[in-house]
Each structure stands twice: as C-alpha cells, then as structure tokens.
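Novice: Following this message is one structure expressed as structure tokens.
None of the figures in this text is laboratory data; all of them are computed from the coordinates on show. Everything numeric here is computed off the predicted structure, so don't read it as measured data. All Cβ positions, glycine included, derive from the backbone under ideal geometry; neighbour counts span all protein chains shown.
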Amino acid sequence: MAEPEGQSDGTVAASAIPSLDRVLRSAPFAPLLAIHGHTHVAQQARAHLAQLRARARDGRLLAQALEPAQLGRAVAQALQAAARPALRPVFNLTGTVLHTNLGRAPLPEVAVQAVADVMRSPANLEFDLDTGARGERDARVAGLVCALTGAEAALVVNNNAAAVLLMLNTLAKERATLVSRGELVEIGGSFRIPDIMAGAGTRLHEVGTTNRTHARDYARAIGPDTALLMKVHCSNYAIQGFVHSVDVAALAALAQAHQLPLAVDLGSGTLLPLSRWGLPDEPTVAQVLAQGADLVSFSGDKLLGGPQAGIVAGRADLIAALQRNPLKRALRAGKLTLAALEAVLRLYAEPEHLAQRLTSLRWLTRPQADIQAQAQRILPALRATLKGRAHIAAVAMASQIGSGALPVSVLPSFGVRLHVPGAGGAALLRLQAALRALPRPVLGRVAEDALWLDLRCLEPEDETGFIHQWATLDP
Ligand SMILES: *Cc1c(COP(=O)(O)O)cnc(C)c1O
C-alpha cells in the first residue's frame, strides 16, 4: 500500500482508505475468512470502512487505523461482538426475584435437562406410548396439576394472559362477563383486563365500585345476557381502608344459584401454602377450587417457578370446552415448555425438598444471615477494583417477590450499596453503564443517589465468576 498522504497531526483524508477488496486480500484477513467465510467478513469489513469514512469526514481519522493489522483487529472484534447472543444471562441484583423484564423464574437444572432432551430428538408429544394412539399434548402436565390441586381437569397454554383469553372467549363470547370495578387491573406489559375482555369478544359488565363491591352488586347485575362471573387477583396493587370485596365462596354460591360458571384469574397462583417456608400466604389453587371456583387460571413462571405458561384447572366439562375452542390451537404450549413444566411440577411431589430444588423458591427463602455473610465475603474484592472511586458498603435491604405476587410484602435481604462521590448523577450513570457492559451484565437498583446490588439472587456457586468479572470493570 502506498503511504497515505498524512496531515501533521496524524490524520488522513477519506481518499486514503483502501478498497474493501484490497482489505480482504491483506494478510490479517486470511484467518478471519477461513473461520467465518466471505459473506460475513465482507459485511463487517464494509461496515468498519464506512465508520472510518465518517471519521475522515470529521477530520478524526488517524493513519494508523488504516494499517492492515489494525483493520484486521477491528473487524475481528466486530465479528466477535456480532456472534454474542443479544438475549443472554444477566445477574439480577435488582432485589425483585421474579422480575418480568428479566425473564421471571429461573429454571431448576432438572427442567433445563428435560428441555434439552426433547429439543434434540423427536418426543412423544401427542402420542400415547401405552395405547399407541394419538395423545393429548397437555395430558401429562394436566395429570400432575390435578394431583396437586384436586382439579378434575387442566390444560396448558402459552401464558396466563392466553389462559384468560381462552376462558373468556370459550365461556362468554358475545355475552356479558361480570367483574368487580376493583379488579379491572393492569398487570403491566399492556395486559389490562378490559382490553383482554374486548379481545376475547365478551362484553365487560362492571360491578360495584373501585373500593367496595358486595354480593348484592353481582346479584343485581345478573341478567339473561350474563354468561360468566369472573374474579381477578389484584396482583400488583393493594387498596386499604374502606374496602370490601366478595370472596370466592360467596361468589361461587351466587354463580351456582344462577347456573353460571365462576372463573378466577389467580395471576401468580401458588400450589402450596407459602407460610410453610415463612413467606406471606397467597390463596393456593387448591383452596380457590375448594371454595367453589369452576375454573382457575395462573402463570407457570411466577410463584410456581417454572417456564412461561398459562395453566387452567377446574371442571372437566369446561376444560373440555376450552380444548375444543379453535383458539386453543393458536395458544397452545410447545414441547419445550411442556417438558420444563412437567419437570418443575414433579418437584412439588416432594415438598420437603422443594426449597432446595426449585431455584425461585430457594432464592425467595434465602435467610438474610446467609446473604449478609455473602455480602461481607465479596465486599473486599469489589472494593479493591473500585480503588476509592466509589464508596461501597455492605448494607441491609429489602427484596420483593415480584411478578405481582404479594405486592406489599418485602423480604429482609442484604447487599452492597455503591455511592459515587461528586459529579451529580453522571458518575452513577457511568458506573451502571459499565456494569451493563460486562459479559454477564450486572443489574441493580438506583435509589437515594446510590446503586443498590441486592445479593439475594447471586447463587453462591456464581460468586467466583461474579468477582472475576467485577475485576475487569472499568469504573
Ligand atoms: C401476571 C398476571 C396475568 C398475566 O399472566 P402472564 O403469564 O404474564 O401472561 C394475568 N392476570 C393476573 C392477575 C396476573 O397477575
């Protein structure tokens, strides 16, 4: 290559940039072409040369950026960055355990293995190995759900929003569904009960007021057009004070008297009483069915601790009607989901071991003293990397369950608080950005001008990796 005509400050003009062809024929590109092939290398090299041209226009292109070795390094880096998955594991140190933006429940290893097994080969998804006849894809999971909840029947769809849609569309299409005004909730991520009702083709008949709804409000509202009574768990908010709502038992009695079904959207839905593990209690699916609900729907990836899924459990005739709805075909779960869900539900058969084996429950039940010991264990290494540029201290904090489960209860936890002195919020934003740029991004929570890293969800076996990665931080 001819020496580019340079300026005294070391910058060169765009005319000095070699052609794509010439770049690809230079020695440093031979190994890249051998590994990645012409198409991808040419694409990345073309993009890099375009960047260099933009730099030249701004008078910022240095001659050394055009050296073949330097061009090779830059394109190799771009190829590496392009190969990194956009969806990847992070450290969830936000303090919200079942974080919807971070994929909710992490799967236990047995479920991961079950998914991997059915991914690699054909599986008896809709095939009955006993009879040799065609089978129902939900059957295995439904059997486990029935055993755990006392339901007559159950089915699985893609998520709980789909479960609600399927119940409403099957049982109340072109007719009215009664719901209390206090339960017309928005769950987040644009799931709003009134919108789902419209989408399902049922008419929303609002009953009572925002803070108080009585059985007589429902009774008065029931008319010839009424097809369904629905109760929605107020997942992510709580109202206190002058409030009243109708419990499932009373609503079930009313529904039965009018020969109408009662559907309960339980949201998070737990299969076992959480007080067993010292957590605040939520109604279990079994309890709600025992109180007379005809159908109950709940998520697979909230308190249940499994994959994203929606489960409907309840009366066999109604579940059969849901199965026959053509929408079920559009909303059904895939074999990966069903494999993971089956593995997780099997863990519930041995509740004595559940808090050890089910990852989400293990995180939710970690004793504060454990987390505190971990914070003190890793603090010196974290502090050493920051070299005084940020104040770091081990402090008590409060985690949340998340995913709308038990919105007002908190779990005593521990973690580290990072405070960057001076420079207002800019230095803190830079530290957060540096943590997000790590190979496995670290996500915390900002409050009171500090970054809080709640260690509840840092598995002790990930601790060494966490510290190693932290040492590469450029604060
Ligand atoms: C979370 C939730 C939903 C939506 O469930 P997904 O599994 O996220 O689709 C619906 N209803 C209630 C009450 C919820 O809490």
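Novice: Along the charge dipole of the range 122-193, Cβ charges K/R +1 and D/E -1, which of T170, L148, T131 sits furthest on the positive end?
Specialist: Final value for the positive-end residue is T170.
Novice: While we're looking at this one, here's another question. For the range 36-85, what is the convex hull (Cα atoms) projected area averaged across all directions, in square nanometres?
Specialist: Averaged projected hull area, Cα only: 3.7 nm².
Novice: Given points 7 Å out from each Cα along the Cα-Cβ axis, report the D9 to Q256 separation in nanometres with one decimal.
Specialist: Taking the two extended label points, one gets 8.5 nm.
Novice: Please state, to two decimals, what the Cα-based radius of gyration of the range 145-207 comes to when divided by 2.2 N^0.38 Å (N = residues).
Specialist: 1.22
Novice: Out of all DSSP beta bridges with both ends in the range 225-322, state the antiparallel percent to the nearest 5.
Specialist: Roughly 35 percent of the beta bridges in the range 225-322 run antiparallel, per DSSP.
Novice: Could I ask something else about it? Taking 0.36 nm per residue of sequence separation and subtracting the Cα-Cα distance, how much length would be gained by fully extending the chain between L33 and D317, in nm to one decimal?
Specialist: Stretched out fully, the L33 to D317 stretch lengthens by 96.1 nm.
Novice: Let me ask you something else. Please report the antiparallel percentage of DSSP beta bridges with both residues in the chain, rounded to the nearest 5.
Specialist: In the chain, approximately 60 percent of DSSP beta bridges are antiparallel ones.
Novice: Might you report the magnitude of the Cβ-based charge dipole of the chain about its Cα centre, with Lys and Arg at +1 and Asp and Glu at -1, to the nearest 20 debye?
Specialist: Dipole of the chain, to the nearest 20 debye: 900 debye.
Novice: Extending each Cα 7 Å along its Cβ direction at Q77 and N101, get the distance between those two points in nm, one decimal.
Specialist: 2.8
Novice: If each of A198 and Q113 carries a label point 7 Å out from its Cα toward its Cβ, how far apart are those two points in nm?
Specialist: That separation, rounded to one decimal, is 4.8 nm.
Novice: Straight-line reach from K328: which lysines fall under 27 Å, measuring Cα to Cα and dropping same-chain residues less than 8 apart?
Specialist: K173, K231, K302
Novice: Please work out, to two decimal places, the log10 of the ratio I(q)/I(0) at q = 0.06, 0.11 Å⁻¹ from a Debye calculation in which every Cα of the chain carries one identical scatterer.
Specialist: So the normalised log intensities work out to -0.40, -0.99.
Novice: If you average 1/r over every pair of different alpha-carbon atoms in the range 247-289 and take one over that average, what Kirkwood value in Å do you get? Mind showing how you got there, number by number?
Specialist: On the way: mean 1/r = 0.0859 Å⁻¹.
Evaluated on the range 247-289, it is 11.6 Å.
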